[in-house]
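Student: To start, I am sharing the structure in question, which I have written as structure tokens.
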Amino acid sequence: MRSGGELCYNAPMKLLPLYSADDLPALKRKYRLWAAAAAAVALAGVGLCVAFCCQVTPRNANLMELRCVLTFAAAGWVDIYLGAFRLGALRHQQAHTARILNLPRTTVRGQVTLDKKDRRIPRSITVRAVTVRQGESVHRLWVDSTRLAPLQRALAAGDTLTLETAGGYVTAVEVAE
């Protein structure tokens with residue numbers, strides 16, 4: 001939008017999509033990778049516990065029991081973290097992306113402002129609020145926090161933008177070619 005410090009009004013513009021059909025397979029691969037990591041942590045914890053149990057003698061029974069308990073607790077907490085935060089977030093991201101890709105699109109143009117804080121939707125994604133002012137009317141939209149970079153770059157070039165929306169979420173932003 002800016003060329004040499006000046007606004008370039010006749011620069012060709014194009015919509016840069018924030019969602020594409022390729023996102024779903026990529027999210028599924030990422031989910032499988034984190035699920036494999038969680039399974040590896042669980043199996044490593046069980047394997048260490050079995051190894052400790054194979055080394056038990058009457059003299060070191062208390063030490064081996066403590067090692068088993070600590071190992072299994074640590075592996076369990078790591079798995080709980082991975083399941084709750086990584087795998088859960090990826091599941092919600094997949095569902096959100098699939099939903100957005102199937103919704104009809106609308107276009108909004110106006111003065112755009114972006115909130116500074118992210119908000120976590122319970123059992124869903126993390127979003128940031130976007131406000132679009134068109135004269136007297138104000139539109140409140142959301143943008144997925146993981147897809148924020150193109151919108152921030154476009155806002156750095158100017159605050160009057162054209163946004164494509166679906167279901168109250170920003171799905172594309174107009175940028176200079």
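Student: If one takes the longest principal axis of the Cα atoms in the chain, at what angle in degrees, from 0 to 90 and to the nearest 10, does the Cα axis of helix 61-81 lie?
Tutor: 20 degrees
Student: Tell me which of L101, L70, L87 sits at the most positive position along the dipole axis of the range 51-120, charges placed on C-beta atoms (Lys, Arg +1; Asp, Glu -1).
Tutor: Farthest towards the positive pole: L101.
Student: For Cα pairs less than 8 Å apart in space and 6+ apart in sequence, what is the mean separation divided by the residue count of the chain, i.e. the relative contact order in percent?
Tutor: Computed value for the chain: 28 percent relative contact order.
Student: Express in Å², to the nearest 10, the accessible area of Y169 obtained by rolling a 1.4 Å probe over the protein heavy atoms while all chains stay in place.
Tutor: Rounded to the nearest 10, that gives 30 Å².
Student: Oh, and also: Of all trypsin sites (Lys or Arg not before Pro) in the range 81-177, which ones are in loop regions per DSSP and have a Cβ with at most 13 other Cβ atoms within 10 Å?
Tutor: Passing both the DSSP loop test and the Cβ count: R105, K116, K117, R123.
Student: Between A36 and V69, what's the calculated FRET efficiency when r is the beta-carbon distance and R0 is 25 Å? Round to 0.05.
Tutor: Between A36 and V69 the formula returns 0.45.
Student: Still on this structure, I have one more. Report the one residue of I121, A154, G45 whose Cα lies farthest in the direction of the positive end of the charge dipole of the chain (charges on C-beta: Lys and Arg +1, Asp and Glu -1; origin at the Cα centre).
Tutor: The residue sitting most towards the positive pole is G45.
Student: F72: net charge of surrounding residues, Cβ under 12 Å, Lys/Arg +1, Asp/Glu -1, itself excluded?
Tutor: -1
Student: Next up: So which aspartates and glutamates can K14 reach, going by Cα to Cα under 15 Å and dropping same-chain residues fewer than 8 places off?
Tutor: Output for K14: E164, E174, E177.
Student: Out of all DSSP beta bridges with both ends in the chain, state the antiparallel percent to the nearest 5.
Tutor: Taking every DSSP beta bridge with both residues in the chain, the antiparallel ones total about 95 percent.
The values are calculated or read from the model by the stated rules, or taken from the named source; none is laboratory data. Because the structure is predicted, anything quoted here is derived from the model rather than measured. Note: ideal-geometry Cβ built from the backbone for every residue, glycine included; neighbour counts use all protein chains shown. These area figures cover heavy atoms from the full protein model, side chains too; ligands, DNA and RNA do not enter into them. Shrake-Rupley method; radii C 1.70, N 1.55, O 1.52, S 1.80 Å.
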